[in-house]
1. When the Karplus curve 6.51 cos²θ - 1.76 cosθ + 1.60 is applied with θ = phi - 60°, which whole-Hz ³J(HN,Hα) does each residue of segment 180-189 get, with x for Gly and Pro?
2. Just to be sure I understand the model, the point goes 7 Å from the Cα along the line to the Cβ. What's the resulting PHE192 to ARG177 distance in nm?
3. Between rounded, prolate and oblate, where does segment 185-292 land on the alpha carbon gyration tensor, with a ≥ b ≥ c its root eigenvalues, rounded for a/c under 1.5, else prolate if a/b exceeds b/c?
4. Which shape class applies to segment 270-405: rounded if a/c is under 1.5, otherwise prolate when a/b exceeds b/c and oblate if not, where a ≥ b ≥ c are the square roots of the Cα gyration tensor eigenvalues?
5. Determine the gain in length on full extension of the stretch ASN426-VAL332; use 0.36 nm per residue of separation and subtract their C-alpha separation, reporting nm with one decimal.
6. Tell me, what is the FRET efficiency for ASP123 and ASP154 to the nearest 0.05, using R0 = 30 angstrom and their Cβ-Cβ distance as r?
7. Rounded, prolate or oblate, given the Cα gyration tensor of segment 93-345, with a/c below 1.5 counting as rounded?
8. Could you give the nm distance between label points at ARG228 and THR165, where each point is 7 Å from its Cα heading toward the beta carbon?
Amino acid sequence: MKARLAAVGAAVLLTAAACSSDDPSAGPAAPGSSASSAPATSTVTATAPPTTAAPTTSAPSPTTPVPAAATTAAPASPNLGAAAIKLTKVADLEEPIFVATRPGDDTTTYIAQRGGRLRAFRDGALVGAPVLDIGSMISARGERGFLGFAFSPDGGYLYVDYTDTNGDTNVDEYAVRANGSVDTGRRRRVLFQAQPYPNHNGGEVIFGPDGYLYIGLGDGGSGGDPERRGLDLSTWLGKILRIDPRPDGDQPYTVPPDNPFVEENGARPEIWSYGLRNPWRFSFDAVTSDLWIADVGQGSIEEIDLSTAAEGAGRGVNFGWSAFEGRVRYNVDQPAEGAVPPIFQYTHDDGNCSVTGGFVYRGTAVPALGGAFLYSDYCTGQVRALVAGADGQVAANAVVSPDPRSVSSFGEGHGHELYVCSLGGNAVYRIDPA
């Protein structure tokens, strides 16, 4: 799998979270939720972070940028005013949490349910029996559960991210047969992370355009990053990791030699990006290979981060948490230097509570959306579109559909067409032209 295969962009959907307290004893919430208030130990001042992109540690400059994906030419520039869409319901399904396709299979879309099932959707209907059922292995209360999955670029392996019955994060590998069935007798643990609290588990796994597996982990939970893990390079929590998931001798995976902190004393070599509260979700643009991250905020601000392929697509980037919540100074005992501010942020006014990240639209059904990043907010719903300008600032931002509610995730299907998962409606929708 070290071979650089063409971008797979394993389409993955997110479990956007209901607004809830960061108190671990709080009631159920969808994964990724924002806190309702800042912890008493934090001091908040309105200070914008520095605009320098340099990390706070001595990570080397990118020497191997993520290559552009091997796709057709980019569609024309987006025109959000002309982007008329409708949401077509394709499946009624309890707690849909993630959507992806398997390379080499042009007929099937796969949908994960937070309760532990992976379902196949083919010929306009759900296939009867689950492809995989890990319900007995997981805890699915609050922000926990079956949170993400991805097929390897050759389609021969399935990687699943879930919280086990103790609430800890696991990434497991299953062999996949030529007919697409999963060999449940060949499960192998790739990665394990103990979770100190029941929230902020992250949960996304996707293959990047370089053929490596990227894994998103939240800061470990509670509220306000109490153990200051977001900027701590000695822990995976609050990070995006990058690995080759195939074994290296007696090791369960291989660390790519060009990861930014391989030579950093005391740093975990698997780390790709850091300073994240709960990346829910992140994706690579199928045309440009730019990295987009929706990072769930604390109690006031939700943010969307962008690191272009020319900038290394997140390589060694410090996205600021918990020195900053968005562009606002948060934990003042954390270093502000080197934090890269979000391209876009919004507040919890008007009922917003928790950002749900998506994908840059690269399908052909709605040309006016081509190049726009689609996202939502769990509490207010809606499909929203954001366009990045050449200067790295937001060129356009608009609501392109008032529905649905409780958006838990977006997903990328065949031909880069996009899907929307709704926990509130227990349904999966396809974005179609109106």
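A short reminder: the numbers here are calculations on the coordinates, not readings from a lab. Quantities reported herein were computed from a predicted structural model and do not represent experimental measurements. As a convention, Cβ positions derive from the backbone with ideal geometry for all residues, glycine included, and neighbour counts pool all protein chains shown.
1. Whole-Hz 3J(HN,Hα) from phi for segment 180-189: x, 6, 9, 7, 5, x, 10, 9, 9, 6.
2. Once both label points are built, they end up 3.0 nm from each other.
3. Working: a/c = 1.40, a/b = 1.23, b/c = 1.13.
Rounded.
4. Numbers: a/c = 2.05, a/b = 1.23, b/c = 1.66.
Oblate, because a/c is 1.5 or more while a/b does not exceed b/c.
5. Working: separation 94, 0.36 × 94 = 33.84 nm, distance 4.08 nm.
So the chain would gain 29.8 nm between ASN426 and VAL332.
6. Values: r = 25 Å, r/R0 = 0.82.
Efficiency for this residue pair is about 0.75.
7. Working: a/c = 1.68, a/b = 1.53, b/c = 1.10.
Because a/c hits 1.5 or more and a/b exceeds b/c, segment 93-345 counts as prolate.
8. Going by the 7 Å Cα→Cβ label model, 3.8 nm.
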